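Novice: Got a structure here, written out as structure tokens. Questions coming.
The values are calculated or read from the model by the stated rules, or taken from the named source; none is laboratory data. Just so it is clear, the model here is predicted, and its values are computed rather than measured. Cβ placement follows ideal geometry from the backbone for every residue including glycine, while neighbour counts extend to all protein chains displayed. The accessibility values were calculated without ligands, DNA or RNA, using every heavy atom of the protein model including side chains. Shrake-Rupley method; radii C 1.70, N 1.55, O 1.52, S 1.80 Å.
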Amino acid sequence: MPRAMKNSASLPQRVLRYGLYAILLVMAFIYLMPLWVMLLTSLKDVEEIRTGTLLSLPNSLNFDAWGKAWGSACTGGTCEGISPYLMNSFMIVIPAVAISTILGALNGYVIAMWRFRGSELFFGLLLIGCFIPFQVVLLPMARTLSFFGLANTTAGLVMVHVVYGVAFTTLFFRNFYIALPKELISAARLDGAGFFRIFWRIVLPLSTPIIVVTVIWQFTQIWNDFLFGVVFSGYDTQPVTVALNNLVNTSFGGKQYNVDMAAALIAAAPTLLVYVFAGKYFVRGLTAGAVKG
Amino acid sequence: MKKLKYCLSGLALSVAASVSQAAEVEVLHYLTSSGEAAAINVLKEYLSESGHAWKDFAVAGGGGESAMTVLKSRAISGNPPAAAQIKGLDIQEWGDLGFLTDLDDVAMAGKWDSLLPPVVSKVMKYDGKYVAVPVNVHRVNWLWANPEPFRKAGLGIPTTWEQFLEVAPKLKEAGVIPLAHGGQAWQDATLFEAVALGVGGPEFYTKAFVDHDEATLKGAEMINVFKTFKKLRDFIDPNASGRDWNIATSMVINGEAAMQIMGDWAKGEFTAAGKKPGVDYVCLAAPDTSGTFTFNIDSFAMFALSDDEASKAQDKLAELVMDPAFQETFNLNKGSIPARMGMNRAPFDSCALASMDAFEASSASGTLVPSVAHGLATTSQVQGAIYDVVTNFFNSDTSAEDAVETLARSVKAAQL
Amino acid sequence: MQNQTPVLPNGKAQRIRSVSFKDRFASWLPKLVMTPTLLMVMVCMYGYIIWTALLSLTSSRMLPVWKFIGTGQYGKLFANDRWMVSLENLVVFGALFILTCLALGIVLAIFLDQKIRAEGALRTIYLYPMAISFIVTGTAWKWLLNPSLGLEKMFHSWGFENVQFDWLVDPDRVVFCLVIAAVWQSSGFVMAMFLAGLRGVDQDMIKAAQLDGASMPLIYRRVILPSLKPVFFSAFVILAHIAIKSFDLVAALTGGGPGYSSDLPANFMYTHAFTRAQMGLGAASAMVMLGGVLAILVPYLYSELRGKKNA
């Protein structure tokens, strides 16, 4: 690893070092600012927000807005806050992440290790296909889903997320598996192991870093999705992003910015927590080759 | 005695409820503020008293944009909701595609034709039959003013555009923002249509924005309208871009700005801040538009359903929406006025009463015009084209002549 | 029937001696496994692209109606000023966004790679914006960039009266605001990718270069950066994907304003297809978007994947 020489003596080196830290800290401040502003705003009263500036500290730590956002703010005809919708989101995200990860793993395995004629072409097609703007697929997908009887069900929405997530999961796994030594596979084949045996016994156990990367990526993408969530969910299975949108976008009526910010933070909490706690594994997984190939 | 009466009626209701089949009505809407939610809950309750269940499907945002997207995909996948909050000429377009159901039975029974002014019932009908039911009528051409800055500067609140253009610079000098405005396309359009109505009059307005007469769209009067509209740019603050309408209203409430031209929903902001009409704020017709009424109607359109029970529930919903009790509650909460006539005037405040009077008067004299900024005058294609021209003009250096050229051209193109 | 031949360490293909049913099945198995994905891709991606292409040749308004009118919608599209503005914005936004993210990402990665204390915390701070949805990002930055509510007001209240930061309300500069918010959101991820890449660089090469007396900057330039080419590729693909799809950000941050000076093609498409009941026009705009993306992406993908055939 290229080391900046931690020389206790050399002054220019020291200066460089402090400069480095300074830059990193300034950047950290900039990155944190929006979150900080949201947090501050959620702790103020509506009056304080109107009269103060963005970074002014609240007069008192007022958690009222949080209570309202959690349990009593109106998201349409129902006024139960956004907490009921968290469950809906989990019901959508967990199966979708699981299925798209498994599919991505299998696809990546095939493309990387069981290459057949056209597999690279297929991979290219897959990558290109994922550039289709999602708004475009809303109507035909609605037709397709109703054809299969999945219209406005959670299962249908999960399927949509799987379809549009599998390109990236395949990309991650394929890049990872390409970096694995070929001897592993060929040795196993000589031993008589078949396709699934090799996958199960050899490849999968090595895949932990990339599984982490993929799961985190997919979780974030699907949890934060609004478009598919609003169009393909039923009235009782709306994800938390839709509820948040309803809460914030009151077309006629007073805006309570503190409640809006609190609700946004609650909705973002699961993904934030994932990054805070699993961020280290995320980088580790990336190091192990998610995006090298 | 009273107790007995309640007991009996309760019994009767429950018997009635158990006799009538219970069905679900899925309603797609974008009424998500707490005031609107309160109003919806009234509807929910009434509906459940008659034994049906309201399934709430709220999709907020953009004045119904997201809701319309959802509606379209539901329609195309073959299972539309029972009712949806659809406005203006979109109702006719849905009717054209064959999605809406016939409400004439309910309409006949409830005598809707006699309760709704012809301009309103026209919007609710497709092919001569009722397909939608109105919940309210908004008046869009209001001027909301804080009397303090005027008093301090010794000026009168303007009632014509000429007066407005005289008073505004003086207010500016006194350190007050003359016109509070939010730089969003729909707000630009709302301001624009008030100018158009005031400067050009109701016939000009109708010819241009309802009939799309090319000569009117390209003519000298329109150029005049655009020029006046551009002048207003000097009287709004430079940070207006992207501002939400209610923040602009709060600028008037706290005296930072003197006036706002906005629909009657602005009243809700004043009320929420504890201000009294006539004392802390004044509601006037937008300059030069007294005697005319630009209307915007929120309505529920009913979709054709295959299930008989659900159809009956739909009919019940339509009936309940026209019921005076619901109309009163909803409109008291929202700041608009009931769509139907013959309502008890007592609970409404002075601005609402002024609105109701203006509504009846302009309906009689033919100066009741649909709002083009809010989708009542024309199709969404043409409305979009007008939005683009107006908002671009307001935010750039385009000349009035060029803008008018573009307007005529885009409106024509959007009609194809 | 295609034979798929596992490659042995000596590079020679292993000859398959007997073609039993089991073997035949085994050789079909990988393709079988890919079939669900293949179906999904064919139907839900390319099928829909074809559907959209067909739709762009119709006069559809509120819902698809299959009345074909040739290329009329495309003519209408390119006569539409708002569309031209959004295309221009996409080019500016896309280029600035991708370049800034790449630059910032690699610089931060290099800095973080210098054995920093609290690397974990700093890394989390740079990375967390990815967890936030674009809608929330747009809303938060809308506040921050608003002259009368946000940063400019803050600077004024601190005494710096002359600071002007009103890009958000300036039609010529508002695109830069989009770039700021988008870079904030995505640069952490790029940084993480580069950091991982840096950690995987071959140490021996570096030691050799150091022994040869090369300075650190030179080593970076000649040895390390070139070995990060695959990471540039992946980062580029992901960033381009985000740039093209940017819809929520515009909707939340500027609403397309002032006027329509910050509109992007995805927003144009959505507005016209859904809000303004012009499905045909919306479909045409989507095809143009797709065409533009493919024009850039296909050559790049082709060259990169080609090169990897031997990897």
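Novice: Could you list the square roots of 5 times each eigenvalue of the Cα gyration tensor of the protein assembly as shown, that is, the equivalent ellipsoid semi-axes, sorted largest first and rounded to whole Å?
Specialist: 53, 35, 27
Novice: Provide the buried accessible surface between chains B and A in square angstrom, both chains summed, 1.4 Å probe, rounded to the nearest 100.
Specialist: Summing both sides, the interface buries roughly 2700 Å².
Novice: How big is D for the range B:323-404, in µm² s⁻¹ as a whole number, if Stokes-Einstein is applied with the Kirkwood radius of its Cα pairs at 20 °C and 1.002 mPa s?
Specialist: The diffusion coefficient I find is 138 µm²/s.
Novice: Of all accessible surface on the range A:83-292 at a 1.4 Å probe, what whole percent is carbon and sulfur?
Specialist: That fraction is 69 percent.
Novice: Given a 10 angstrom Cα cut-off, can you work out which residue in C:Arg123, C:Arg61, C:Arg24 is the most mobile in a GNM of chain C?
Specialist: Of C:Arg123, C:Arg61, C:Arg24, the most mobile in the Gaussian network model is C:Arg24.
Novice: I'd like the isolated cysteines in chain A, meaning no second cysteine's beta-carbon lies under 4.7 angstrom from theirs.
Specialist: Among the cysteines of chain A, those whose Cβ sits 4.7 Å or more from every other are A:Cys130.
Novice: On average, how much area does the Cα convex hull of the range C:105-251 cover when viewed from any direction, in nm²?
Specialist: Convex hull of Cα atoms, orientation-averaged projection: 11.6 nm².
Novice: In whole angstrom, how far apart do the alpha carbon centroids of the range B:275-306 and the range B:215-254 sit?
Specialist: About 19 Å separates the Cα centre of the range B:275-306 from the one of the range B:215-254.
Novice: Could you tell me how far the Cα centroid of the range C:89-105 sits from the Cα centroid of the range A:136-202, in Å?
Specialist: Centre-to-centre distance over Cα atoms comes out at 31 Å.
Novice: Also, I was wondering about something else. Excluding residues on the same chain fewer than 8 positions from B:Lys231, give the lysines whose Cα lies under 21 Å from its Cα.
Specialist: B:Lys170, B:Lys172, B:Lys218
Novice: Taking amide H positions as placed in the peptide plane 1.01 Å from N, state which residues far from B:Ser299 in sequence (5 or more) or on other chains have amide H under 5 Å from it.
Specialist: Residues meeting the criterion, in which the H sits 1.01 Å from N, are B:Ile86, B:Val135.
Novice: As an exercise, use a Förster radius of 56 Å and the Cβ-Cβ distance of A:Phe63 and B:Ser290 to find the FRET efficiency, rounded to the nearest 0.05.
Specialist: Plugging the Cβ-Cβ distance into 1/(1 + (r/R0)^6) gives 0.70.
Novice: Chains B and C: how much accessible area gets covered up at their contact, both sides added, probe 1.4 Å, in Å² to the nearest hundred?
Specialist: 2400
Novice: For chain B, which span is the longest to avoid every loop-located (per DSSP) member of trypsin sites (Lys or Arg not before Pro) having at most 14 other Cβ atoms inside 10 Å?
Specialist: After excluding every exposed loop site, the longest remaining stretch is B:112-344.
Novice: Taking the Cβ of B:Gly95 as the centre, find all other residues whose Cβ is under 12 Å away and add up their charges (Lys, Arg: +1; Asp, Glu: -1).
Specialist: Cβ neighbours under 12 Å give a net charge of -3.
Novice: Can you list the lysines whose alpha carbon is less than 17 Å from that of A:Lys44, not counting same-chain residues fewer than 8 positions off?
Specialist: Result set, ordered by chain and number: A:Lys68, A:Lys255.
Novice: Whole number please: convex hull volume per residue of the Cα set in chain A, in Å³?
Specialist: So the per-residue hull volume is 196 Å³.
Novice: Which chymotrypsin sites (Phe, Trp or Tyr not before Pro) in the range A:52-101 pass both tests, a DSSP loop state and at most 16 other beta-carbon atoms within 10 Å?
Specialist: Taking the range A:52-101 and a limit of 16 other Cβ atoms within 10 Å, the loop chymotrypsin sites (Phe, Trp or Tyr not before Pro) found are A:Phe63.
Novice: To make sure I understand the rule: partners must be lysines, Cα under 18 Å from the Cα of C:Lys207, and not fewer than 8 residues away in the same chain. Which ones qualify?
Specialist: Straight-distance partners of C:Lys207: A:Lys6, C:Lys115.
Novice: Let me ask something else about it. Compare B:Ser306, B:Ser336, B:Ser48 in a GNM of chain B, Cα atoms joined below 10 Å, and give the one with the largest fluctuation.
Specialist: Largest GNM mean-square fluctuation: B:Ser306.
Novice: On to the next question. Between A:Tyr18, A:Leu54, A:Leu32, whose Cα lies farthest towards the positive end of the dipole of the range A:2-62 when Lys and Arg beta carbons carry +1 and Asp and Glu beta carbons carry -1, centred on the Cα centre?
Specialist: A:Tyr18
Novice: ³J(HN,Hα) across the range C:253-262 via Karplus (A = 6.51, B = -1.76, C = 1.60, θ = phi - 60°), whole Hz, x for Gly/Pro?
Specialist: With coefficients 6.51, -1.76 and 1.60, one gets 7, 10, x, x, x, x, x, 10, 6, 10 Hz.
Novice: Also, I was wondering about something else. Which pairs break 20 Å Cα to Cα here: B:Lys122/B:Lys207; B:Lys111/B:Lys316; B:Lys267/B:Lys334; B:Lys207/B:Lys230; B:Lys334/C:Lys142?
Specialist: Pairs exceeding 20 Å: B:Lys207/B:Lys230; B:Lys334/C:Lys142.
Novice: Under unit Cβ charges (Lys, Arg +1; Asp, Glu -1), what dipole magnitude, rounded to 20 debye, does chain B have relative to its Cα centre?
Specialist: With only Lys, Arg, Asp and Glu charged at Cβ, the dipole is about 920 debye.
Novice: Shifting gears a bit: Whole-Hz ³J(HN,Hα) for each residue in the range A:154-167, computed from phi via Karplus 6.51 cos²θ - 1.76 cosθ + 1.60 with θ = phi - 60°, x for glycine and proline: what do you get?
Specialist: Values, residue by residue: 5, 4, x, 5, 4, 4, 4, 5, 5, 4, 8, x, 5, 4 Hz.
Novice: Hey, what's the range A:83-292 come to in accessible area per residue, 1.4 Å probe, Å²?
Specialist: Here the residues of the range A:83-292 average 32 Å² of exposed surface.
Novice: Along the range C:78-83, what does the Karplus equation 6.51 cos²θ - 1.76 cosθ + 1.60 (θ = phi - 60°) give for ³J(HN,Hα), rounded to whole Hz, x for Gly and Pro?
Specialist: Per residue, the Karplus-derived 3J(HN,Hα) values read 7, 8, 8, 4, 4, 5 Hz.
Novice: Also, I was wondering about something else. Taking the Cα centre of the protein assembly as shown as the origin, how large is its charge dipole in debye, to the nearest 20, when only Lys and Arg (+1) and Asp and Glu (-1) carry charge on their Cβ atoms?
Specialist: I would put it at about 5020 debye.
Novice: What are the membrane-span-like helices in chain B by this rule: whole DSSP H runs, Cα extent along the axis at least 27 Å, mean Kyte-Doolittle hydropathy at least 0.0?
Specialist: none
Novice: Something else about it: Out of the chymotrypsin sites (Phe, Trp or Tyr not before Pro) in the range C:131-216, which ones are loop residues according to DSSP with at most 11 other C-beta atoms within 10 Å?
Specialist: C:Trp158, C:Phe160
Novice: Please calculate the 1.4 Å probe accessible area of B:Glu214, with all protein chains present, and give it to the nearest 10 Å².
Specialist: 70
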